[in-house]
Amino acid sequence: ACCEESPTGQVDLTDPDCRQLRKGGKTTIGYNVQAAVDDKHHLITTIEVTGEANDRRSLAPIAQQAKKDLGLAQDASLTVIADTGYGTGPKHTACEASGTIALVPVQKPSGKSNGLHNSDAFTRDPASDT
């Protein structure tokens, strides 16, 4: 097998299903595991191993899978909490469309033209505590 023939452009001869991932600024070969945990009982309700290199496209699909695994309707209200790796506008929109409330910080934009105001755009005035 060669990279040009692979749908991902990657080939690992010992484990063809693994993917190149970036973790902590370093490149590694492995898998991306997505898990949903019930906050009341602290039990894993959903787990999925993906070939995605990061979490950006996983928020809405994992939330929907969690609803299914919990026996909820696909448009049922569900609040999810996740880290910044999941925080993209399109996935927040997809969650809202299915009744999911996503409490996830939006990733810092690479450009300045997206209309968001990130924390680095503000300065604190200790005298007025503003």
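The values are calculated or read from the model by the stated rules, or taken from the named source; none is laboratory data. Worth saying up front: this structure is predicted, and the values here are computed from it rather than measured. All Cβ positions, glycine included, derive from the backbone under ideal geometry; neighbour counts span all protein chains shown. Quick note on the areas: whole protein, heavy atoms, side chains included, nothing else; ligands and nucleic acids left out. Shrake-Rupley method; radii C 1.70, N 1.55, O 1.52, S 1.80 Å.
Of all residues in the stretch 17-30, those that are without any contact (Cβ under 8 Å) to a residue 12 or more places away in the chain have Cβ atoms under 8 Å from Cβ atoms of residues that are surrounded by 10 or more Cβ atoms within 10 Å (Cβ to Cβ), 6 or more apart or on another chain, in T27/Q20; T27/L21; T28/Q20; T28/L21; T28/R22.
Any residue that is at pLDDT below 90, of a type in the set (K, R) and part of a loop (DSSP other than H, G, I, E, B) - is there at least one of those in the stretch 96-110? Yes - at least one qualifying residue is present in the stretch 96-110. Against the test of being within 13 Å of the chain's Cα centre (by Cα) and modelled with pLDDT of 85 or more, the options D69, D83, D38 yield a single qualifying residue, D83. Please work out if T8 is modelled with pLDDT under 75, open to solvent by less than 100 Å² (accessible area, probe 1.4 Å) and within 30 Å of A97 (Cβ to Cβ). Yes: the conditions hold for T8. Condition check for T93 on (1) part of a loop (DSSP other than H, G, I, E, B); (2) open to solvent by 40 Å² or more (accessible area, probe 1.4 Å); (3) at negative phi: one failure, at (1). Which residues, counting only those in the stretch 49-72, are free of Cβ contacts under 8 Å to residues at least 24 places away in the same chain and either open to solvent by 80 Å² or more (accessible area, probe 1.4 Å) or part of a loop (DSSP other than H, G, I, E, B) (or both)? Hits for the stretch 49-72 are V49, K68, G71, L72. Checked across the stretch 18-33, the condition of being modelled with pLDDT of 85 or more, open to solvent by less than 90 Å² (accessible area, probe 1.4 Å) and either closer than 19 Å to V106 by Cα or not in a loop (DSSP other than H, G, I, E, B) (or both) holds for at least one residue.
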